[in-house]
Amino acid sequence: MEAAITSFARLWQRFTLTRYFAASVIALGVDTLFFLILHAAGLHAATASMLGYATGIAVHWAISAHIVFPDKVRAGAALLRQRRVFAISALVGLALPGGVVALATQFGASPLLAKIFAVGTSFTAVYAIRKWGIFR
């Protein structure tokens with residue numbers, strides 16, 4: 001039984017990208033849920049969207065720190081720096097799709113195709129920043 005648990009733990013450690021993708025899906029769900037709740041409660045859509053996004057980022061940090069990259073979290077002042085850079089990476093993840101869509105549509109791509117490419121680009125860029133920059 002112990003060997004099976006050890007094998008599963010090793011397998012789980014190998015799939016960082018899978019765990020990160022799951023964390024992103026969960027964070028997006030929380031973001032969207034908070035947006036819908038806050039907007040239904042009467043908050044302006046843009047404000048509700050920003051608060052939902054901030055909540056999703058907090059959830060993503062918690063999952064990333066405890067499940068995706070658990071052995072890479074720092075302590076003390078280094079932890080504060082990690083959190084700040086994580087938040088900055090979230091802003092990159094927010095801004096990058098807009099730039100990619102603007103550029104792609106300017107060169108004639110359909111908006112939907114541009115958006116799909118932008119989401120993939122943003123996901124890949126932010127994952128790389130977090131894996132090799134924040135949680136190295």
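The values are calculated or read from the model by the stated rules, or taken from the named source; none is laboratory data. Remember, predicted model here, so these are calculated numbers, not experimental data. Cβ placement follows ideal geometry from the backbone for every residue including glycine, while neighbour counts extend to all protein chains displayed. Only protein heavy atoms, including side chains, enter the accessible area calculation; ligands, DNA and RNA are left aside. Shrake-Rupley method; radii C 1.70, N 1.55, O 1.52, S 1.80 Å.
Quick check: net charge around THR124, other residues with Cβ under 12 Å of its Cβ, Lys/Arg +1 and Asp/Glu -1? Cβ neighbours under 12 Å give a net charge of +2. The 3J(HN,Hα) values that the Karplus relation (6.51, -1.76, 1.60; θ = phi - 60°) gives for region 68-75 are, in residue order, 6, 10, x, 8, 10, 7, 8, 10 Hz. Gly and Pro appear as x. Please state the shape class of region 12-134: rounded when a/c is under 1.5, otherwise prolate if a/b exceeds b/c and oblate if not, all from the C-alpha gyration tensor. Because a/c hits 1.5 or more and a/b fails to exceed b/c, region 12-134 counts as oblate. Seen against the Cα atoms of the chain and their longest principal axis, helix 111-129 is set at about 30 degrees. Net charge dipole, the chain: roughly 460 debye, given to the nearest 20, about the Cα centre with Cβ charges of +1 for Lys and Arg and -1 for Asp and Glu.
Accessible surface area normalised per residue over the chain is 64 Å², counting heavy atoms of protein chains with a 1.4 Å rolling probe.
Taking 0.36 nm per residue of separation and subtracting the current Cα-Cα distance, fully stretching the chain between ILE88 and THR124 would add 11.4 nm.
Considering only protein heavy atoms and a probe of 1.4 Å, how much of the accessible area of the chain is carbon and sulfur, as a whole percent? About 75 percent, which is the carbon plus sulfur part of the accessible surface.
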